[in-house]
Amino acid sequence: MTSAAVKWMDRLPAWLEESRKQAAFGQVAAYIPELAKAPADALGISILDGAGHEIAAGDSGLTFTMQSISKVFTLLLALMDNGEEAVFRKVGMEPTGDDFNSMLKLELVEPGIPFNPLINAGAITISSLIHGATPAEKVERILAFFRELSGDSGLEIDEAVYRSESATAHRNRSLAYFLKDNEVLGEEIDVEQVLDVYFKHCSVLVTCRHLARMALVLAYNGTDPITDKPLVPRRFVQIAKTFMVSCGMYNASGEFAIHVGIPAKSGVAGGILALVPGRYGIGVVGPALNDKGNSTAGVHLLRTLSESNGWSMF
Ligand code: GLN
């Protein structure tokens, strides 16, 4: 990295400790019982540049499940499997301004399609579009894609988190059956099987470094800059990054765009995947969440970094 970069890199550990204090204003997600076991005051970050140099600080070795962060990548796979037109027959392109698992607006877009692919209803619909002869094959294809993007062939599902979500997902089940009633999930589709694929991709276990590497591929428009391998068509990465800006931080995406100004996606296990276009892939974890479902300390740390380095795209 350049010498200008060295300055902020040296300050990162101190910034992280300052941001860690924000964990006190959040709470670990408990609606998936297994997630409640996460350490509330943990905060870790990994930043990767295009040459593969990593800067890490805090609890960057902590493992956690991707949760909603996985939705960005199942969207990419669905686009690669079906093309843009077919995907947008089933999901919309607009933010909702509502909670990620809200049912409020499901009837409002014709014909009852979810507003966007990053809310739960949209991501469940996207799961139904992933190619594969059986649910197991779909999950294997998703895992293979995530492994390739993260550069780790050992990436796996956290079975305990998967089982915990599946056993308690009454709200997601009702969303999915509602989609079935609206024929967004067609006649041939088994709702429980679609949900199972969704719960499994939410339960992929990662560290900040995995997220940073996946984000790096997006930062470089679909080509892994470390291996020079093209992994995702540029147009689909452009679509994914646009959704990250408009809907990636749930109904706090507008506020995040003003304060931080980079594409990002959060998950209820406390992860945030973010990127600085053409420069960095970033993975953050801080399990304590605000009332919108975003990591309190993680958002604070990204804001500090963006303000100090002039990262905002706007
Ligand atoms: N698996 C979680 C759910 O469906 C993902 C939600 C999230 O990270 N916001 O509730």
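The values are calculated or read from the model by the stated rules, or taken from the named source; none is laboratory data. It should be emphasised that the depicted structure is a prediction, and the values quoted were computed from it without experimental measurement. Using ideal geometry, Cβ is built from the backbone for each residue, glycine included, and neighbour counts are taken over all protein chains shown.
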When the range 24-45 is examined, which residues are found to be away from the ligand (no atom under 16 Å from the Cβ) and either more than 15 Å from Thr304 (Cα to Cα) or of a type in the set (Lys, Arg) (or both)?
Ala24, Phe25, Pro39, Ala40, Asp41, Ala42
Looking at the range 290-306, can you tell me whether even one residue there is among the small types (Gly, Ala, Ser) and over 21 Å from Asn120 (Cβ atoms)?
yes
Residues of the range 257-277 satisfying the condition of being closer than 30 Å to Ala86 by Cβ and either of a type outside the set (Val, Ile, Thr) or assigned to a helix (DSSP H, G or I) (or both)
Ala257, Pro263, Ala264, Lys265, Ser266, Gly267, Gly271, Leu273, Ala274, Leu275, Pro277
Does Thr242 qualify as being of a type outside the set (Gly, Ala, Ser), in contact with a Ser or Thr (Cβ under 8 Å, 6 or more places away or on another chain), away from the ligand (no atom under 16 Å from the Cβ) and part of a helix (DSSP H, G or I)?
no
Being loosely packed, with under 14 Cβ neighbours inside 10 Å and closer than 24 Å to Ala38 by Cβ narrows Glu156, Glu165 down to just Glu156
Quick one: which residue in Ala160, Ala167, Ala123 is in contact with a Pro (Cβ under 9 Å, 6 or more places away or on another chain), more than 23 Å from Cys247 (Cα to Cα), within 16 Å of the ligand (Cβ to nearest atom) and aliphatic (A, V, I, L, M)?
Ala167
Among the residues of the range 170-209, how many are modelled with pLDDT of 95 or more, basic (Lys, Arg) and within 12 Å of the ligand (Cβ to nearest atom)?
2
Identify all residues within the range 54-95 that are of a type in the set (D, E, K, R) and not in a loop (DSSP other than H, G, I, E, B); write none if there are none.
Glu54, Lys71, Asp81, Glu84, Glu85, Arg89, Lys90
Among the residues listed as Gly281, Gly270, Gly261, Gly222, the single one being more than 16 Å from the ligand (Cβ to nearest atom) and farther than 16 Å from Val72 by Cβ
Gly261
Within the range 286-304, the residues that are closer than 20 Å to Phe64 by Cβ and in a helix (DSSP H, G or I) are Thr296, Ala297, Gly298, Val299, His300, Leu301, Leu302
Which residue pairs have Cβ atoms under 8 Å apart, sit 6 or more places apart or on different chains, and have a first residue in the range 220-236 that is part of a loop (DSSP other than H, G, I, E, B) and a second that is surrounded by fewer than 20 Cβ atoms within 10 Å (Cβ to Cβ) and among the aliphatic types (A, V, I, L, M)?
Gly222/Leu231; Pro225/Ala51; Ile226/Ala51; Val232/Met80; Pro233/Met80
Going through the range 138-174 in order, the residues found to be closer than 18 Å to Leu75 by Cα and among the hydrophobic types (A, V, I, L, M, F, W, C) are Val139, Ile142, Leu143, Ala144, Phe145, Phe146, Leu149
